[in-house]
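Here the structure is laid out as structure tokens; the discussion comes afterwards.
The values are calculated or read from the model by the stated rules, or taken from the named source; none is laboratory data. From a predicted model like this one, the values you see are computed outputs, not experimental measurements. Cβ atoms come from the backbone with ideal geometry, glycine included; neighbour counts cover every protein chain shown. Remember, those area values only see protein heavy atoms, side chains included, never the ligands or the DNA or RNA. Shrake-Rupley method; radii C 1.70, N 1.55, O 1.52, S 1.80 Å.
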Amino acid sequence: MFFNADNDVAGVLLFDLGIGLMFIAFAKLADRNRLLDRLLFGGLTMLSLGLYLSWRWVDTLPDLELTGASLWQHVYFTFEAISIVYALGSIIILFRSSNWTKEADRRQVQLQARGHYPSVDVFICTYNEPIHILEKSVISASAMDYPRLRVFVCDDTRRPEISQYCGRVGVNYITRPDNRHAKAGNLNNALEMTNADDDGSDLIMVLDADFAPQENFLMRVVGLFEEESIGLVQTPQFYFNSDPIQHNLGVRSSFVDDQRVFFDTFQPAKDAVGCAFCVGTSFVVRRSALNAMGGFPHEALSEDMLLTYRLMERGHVTRWLNEKLSVGLSAEGIPEYITQRTRWCLGTIQIGLLKDGPLWLGRFTLTQRLHYVHGLLCWLSKPFILCMLFAPSIYWLFDVTAIQADDIVFMKYGISALFVFWSYSSWISVGRTLPLFTEVTHAITALPITIALLQAVRKPFGRPFKVTQKGGDRSTIRIHAPTAIFFGLVTLLSATSVASTVFVWSSPTEFSQRDCLNLVWSGFSMLIAFVSLLVCIELPRFGQEELIKVSVPATLRIGDTEHQVKIEAMSTENVVISNMEAHASGEGELYLGATGWMKIDLSDENSSNCFAISPGFEQHNAILRMLFRQSPDNVASTGRLTTSMLTLCRRAFVG
């Protein structure tokens, strides 16, 4: 039993390898901040993808017939073409980028020199989040360095304990008798109540209940509103915990969360042509603009994105300030992760279907409409992932190929285009995309989003707003059964297809080029499905409070003896001491400049030198102010492929 390995195959593979190495070398030498380099690298990537798509359209697509083989090949090509068009649009968008940091510097100096500060009301939206989640936002917002500031907790679950907590920490509490229009309705209720005040603010800052702004947030943002056209200033979302993919694969320090590319790469590019959009939290909006349009829009589940389009119609710009000014809690489990993304998908579709939306009669420019279409294509391309996962198994089981073409030509055009696109994506995103890991990120939500797309065809409106649950108990291993079963079946199907083809007695002694190609394809599909299956096995998380990386000197008192120690990670429940020496177990006291003396339980030592602390109420709040005064760097900001692969191997084979 052997594989064909004639000169044509070897030559094409060497050609693909050469193309890949050439573009990897180009990525090392090119400067992504230089327009010429972005145009050159992006243009070559578009050429590669365009050649492949043209070849697929002209040479490989059979006549449409009412047969299973023909229908499958046309369905596969349709979603493949959507994905490639989305990639081509992405490259065009990424030709440009904006950076408003220097402008924010200049405006902040002017604001502070003038001494006249626009007033700001902070709306913190909460729906059933426990106090240990909400408090980070409340305490950090109250601690912002800004002289004209009011904080309002907008509680859409009418909880007496939240009202009491707000009174205790000195912030305002707002609620309403119902939950009409979900988050948008909650915000509009707060808007109406504060509009009635004689001292209604000039600007409104919106925070989700799990987002903590750093101390200088408003000083960095407010000055930008000196430009009259600015209706909203949005800052990126960062997280102080790992998302389910990072956590369950153990790659929180070597692979980024799945939204980093969008926030750090795409939004600055969209901003360069005035098409960045609101992302729901950590933004500031002009009150007069809101009042002129009747408040926060509520016609779509993605009320944040719709807010930008409503402002666009009236000539207002959404400015993207690409600075890390707040951190929040990422979705902690696979169900919550999927809920978020299906809601975003459906919300995007709803915006397009509105009569005054960017697809129909809304007053938008061509550029603004095309940017909306690009966002829509992101969701419409998700079914292609399912097609790729199932295509090789369909070939082995039913002898129906997804691509009816000369396999040598496919390897020449298709594999080389893939290598070029991988190189470009890693380069333009500064290492925020990694082969395999990025594919797994997309695969996790491919089936739920495909189902959401089908549901949208039948009933695009009328579905309830599903809040992402956060802050629950994560102390035990959980398995998200629906997703795990799906990827388990895909893994088993791929493995069975290969095994039944290669290892049974009736298998051929020589494989064709098409067989070889589909064997490799089956292996890649099986790998993606298997890694996705690992993601569905949710590992325990450490306590309810995420440890935040710090570097803080402290004094540890044990009996009458004091030791100078260094704290390298901390929460309101625990501290990790890096230079701990032998000591007596039991209770001690720990002194921090921000908190004074507080009790520490030294009997809880583990291999990480982690100990439980018992702060009082004011000490507890002081710790929160200290931890979030500047946004912590708790998870990876760029990816490292080698480290991620080694970690994945340990996760897969060691556990």
Spherically averaged projected area in nm², based on the convex hull that wraps the Cα atoms of the stretch 54-187: 15.7
Where only C-alpha atoms are counted, convex hull volume of the stretch 1-122 per residue in Å³: 263
Simple spin-label estimate for residue 78 and residue 563 in nanometres, 7 Å along Cα-Cβ: 6.8
Hydrodynamic radius (Kirkwood) for the stretch 121-270, which is based on Cα pairs only, to one decimal in Å: 17.1
Calculated from backbone phi, Karplus (6.51, -1.76, 1.60) coupling profile of the stretch 364-379 in Hz, x at Gly/Pro: 10, 6, 4, 4, 5, 5, 5, 5, 5, 4, 4, x, 5, 5, 4, 6
With DNA, RNA and ligands ignored, accessible area of residue 538 (1.4 Å probe; Å², nearest 10): 10
Whole-Å semi-axes of the ellipsoid equivalent to the stretch 279-320 (Cα gyration tensor, √5λ, descending): 14, 13, 10
Per-selection Kirkwood Rh - the chain (Cα, Å, 1 d.p.): 27.1
Selection from 139, 375, 30 lying farthest towards where the dipole of the chain points positive, charges on Cβ: 375
Gyration tensor verdict on the stretch 195-245 (Cα atoms; rounded if a/c is under 1.5, prolate if a/b is larger than b/c, oblate otherwise): prolate
Charge dipole (debye, nearest 20) of the stretch 552-636; +1 at Cβ of Lys and Arg, -1 at Cβ of Asp and Glu: 340
Cα-only Debye scattering, the stretch 603-655: base-10 log of I(q)/I(0) at q = 0.18, 0.30 Å⁻¹: -0.89, -1.06
Above-threshold pairs, the threshold being 32 Å between Cα atoms, out of 324/382; 270/382; 183/459; 102/466; 183/599; 136/459: 102/466; 183/599; 136/459
Accessible heavy-atom area order of 67, 342, highest first, probe of 1.4 Å: 67, 342
MRE, 222 nm, helices only [DSSP H, n ≥ 4, -39500 (n - 2.57), over the chain, to nearest 500]: -15500 deg cm²/dmol
Chymotrypsin sites (Phe, Trp or Tyr not before Pro) within the stretch 319-397, DSSP loop, no more than 13 other Cβ atoms inside 10 Å: 360
Residue list for the stretch 165-182, given a label point 7 angstrom along the Cα-to-Cβ vector of residue 196 and an amide N cut-off under 18 Å: 172-180
Distance between modelled label sites at residue 359 and residue 499, nm, 7 Å Cα→Cβ extension: 4.4
For the stretch 531-655, with +1 on Lys and Arg beta carbons and -1 on Asp and Glu, the positive-most of 570, 652, 627 along the dipole: 652
Residue 520 accessible area, assembled protein chains, probe 1.4 Å, Å²: 110
Charged-residue dipole, Cβ positions (Lys, Arg, Asp, Glu), the stretch 366-523 about Cα centre, Debye nearest 20: 1080
Surface accessible to a 1.4 Å probe, residue 617 within the full protein complex, Å²: 60
In the stretch 26-107, the trypsin sites (Lys or Arg not before Pro) that fall in loop regions by DSSP, at most 14 other Cβ within 10 Å: 34
Unit charges on C-beta of K, R, D, E only; dipole of the chain, Debye: 1140
Descending Cα extents along the principal axes, the stretch 116-169, whole Å: 37, 17, 16
Exposure rank, largest accessible area first [103, 562, 303; 1.4 Å]: 562, 103, 303
Dipole of the stretch 389-473 [Lys/Arg +1, Asp/Glu -1 at C-beta], most positive-end residue of 415, 447, 434: 447
Calculated FRET value between residue 520 and residue 455, using beta carbons and R₀ = 45 Å, to 0.05: 0.80
Accessible area expressed per residue, the chain, with surrounding protein chains retained (probe 1.4 Å, Å²): 43
Exposure ranking of 169, 327, 109 by accessible area [1.4 Å probe, largest first]: 109, 169, 327
